[in-house]
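J.: So that we are looking at the same thing, I have put the structure below in structure tokens.
The values are calculated or read from the model by the stated rules, or taken from the named source; none is laboratory data. In this text, all values refer to a predicted model and were calculated from it rather than measured experimentally. Counting neighbours? That spans all protein chains shown, and the Cβs are built from the backbone with ideal geometry, glycine included. With ligands, DNA and RNA removed, areas are computed over all heavy atoms of the protein, side chains included. Shrake-Rupley method; radii C 1.70, N 1.55, O 1.52, S 1.80 Å.
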Amino acid sequence: LWAVLLGCLDDALMVVSAGGGFTRDPFRTAGMDKEAAQELKRTLAGGFNSDHACLLKAVTGYVDATNQQAFCDKWKVTQATMRQIQDQQNRLFTELQDLNKTESFANRNRGNFGLLVAVLCAGIFPNVARRRGSSDFYEAQGGKVEARPHGSSAYVPNKPDEWVFFQELSQMESTYKLKLVSPVDHLSLLLLGGEGPATIEQGGKDGKGKGGKGKGTGAFQGPVKSFNDLKGWGFITLDGRDIFVHIRDCNGGRPVPGDWVTFDMAEDAVRGTGQMKATNVSGCSGYADDGKGWGKACGKGGYGPAWDKGGWGGDSWGGGKDAWGAGPYGKGCAGGWGGDFGCGKGGFGGCKGGKGGFNGGGMKGGCGCNGGMKGAW
């Protein structure tokens, strides 16, 4: 129906007849070097990075050839299979008589490969996959399966995060392969790819929101399964998988278990190849205190330089300027653990300790009133 409406019926029937499983693969490249066989198909595709373009060129070239056997010998296709494809095309055309089509209307855009791709995507949907960044892996079946284009494919990965549609997903042991692959633009996929409403929402300020069905423009959605406030990371559930999420990728929000969030995915360079993490996360119901910490309970400083400028609570956990000494959680110890409780000016018991600290130059005052140990700690 889409082929008739968009005026590329004959082209669509050729591709469907050749790649729809009605006949064997017309190419006979057995014994050829893998790279040579792929280059042969890419040359036949005529500049299109597409297996479907390769099939279309094979069928139209065979039909138009004055010497069909010579054409088959040049492009390594089987003449008997090409005849079967022609017969199947005629049968399909006959079966479509109920559409009350006219030849001129149904083929008014013949040769427009962009329209043909849109029509084929609509018919093959939901067999679509998205390339993971610039890697060779594609995420199919809603992200549940990782696959690569088949080695015999005329299509080769081109653009990062590219969407493709495919005819078949095959499996050999733990490896999945995509067969008959072509790239599809976002607009064609949006307009013709499946049914149901499509909603695009703009996220709230700095990614902060209160519950709800996550706001933002991410490609994925799911509930927050867990989040560790001390470590700053947790997991989002997506189609039965646990997707790693870090506070730095939450646009100023803090995930709370049960939040329904929207997010993108990217390969996690820290955890290694093949490991995915959530990015551009929005819809979090918690707040990260504008990057200075995790909340008011820990004072103005927050969790220290690991997250931002302060120490372990510039006010609440230590009345001084930074708290927790000159180590990794603060700039120095002018105040200590709690005004009069720590390594700062007050000492352990409200007495006159020194300005040293755990990693500073020792304590002149120490633990007792005016006494103590000069070289301790």
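J.: Can you list the helices (runs of 4 or more DSSP H) found entirely within the range 68-170 that contain at least 2 residues being more than 23 Å from Gln38 (Cα to Cα) and of a type in the set (D, E, K, R)?
T.: Helices (runs of 4 or more DSSP H) meeting the threshold: 79-95.
J.: Hey, another quick one. Just wondering, is there one or more residues in the range 300-309 that are within 29 Å of Thr175 (Cα to Cα) and either among the polar types (S, T, N, Q) or at pLDDT below 85 (or both)?
T.: No, every residue in the range 300-309 fails to be within 29 Å of Thr175 (Cα to Cα) and either among the polar types (S, T, N, Q) or at pLDDT below 85 (or both).
J.: Only one residue in Gly114, Gly123, Gly151 is modelled with pLDDT under 90 and surrounded by 15 or more Cβ atoms within 10 Å (Cβ to Cβ), so which one is that?
T.: One residue alone meets the criteria, Gly123.
J.: Continuing with this model, one more query. Pick out, from the range 1-67, the helices (runs of 4 or more DSSP H) lying fully within it that include 3 or more residues that are open to solvent by 80 Å² or more (accessible area, probe 1.4 Å) and out of contact with any strand residue (DSSP E or B) (no Cβ under 6 Å at 6 or more places or on another chain).
T.: 34-44
J.: Does the range 236-272 hold any residues that are out of contact with any strand residue (DSSP E or B) (no Cβ under 6 Å at 6 or more places or on another chain), open to solvent by less than 30 Å² (accessible area, probe 1.4 Å) and on the phi < 0 side of the Ramachandran plot, and which are they?
T.: Residue satisfying the conditions is Ile247 alone.
J.: Same structure again: Of all residues in the range 146-168, how many are within 18 Å of Met276 (Cβ to Cβ) and in contact with a Gly (Cβ under 7 Å, 6 or more places away or on another chain)?
T.: 2
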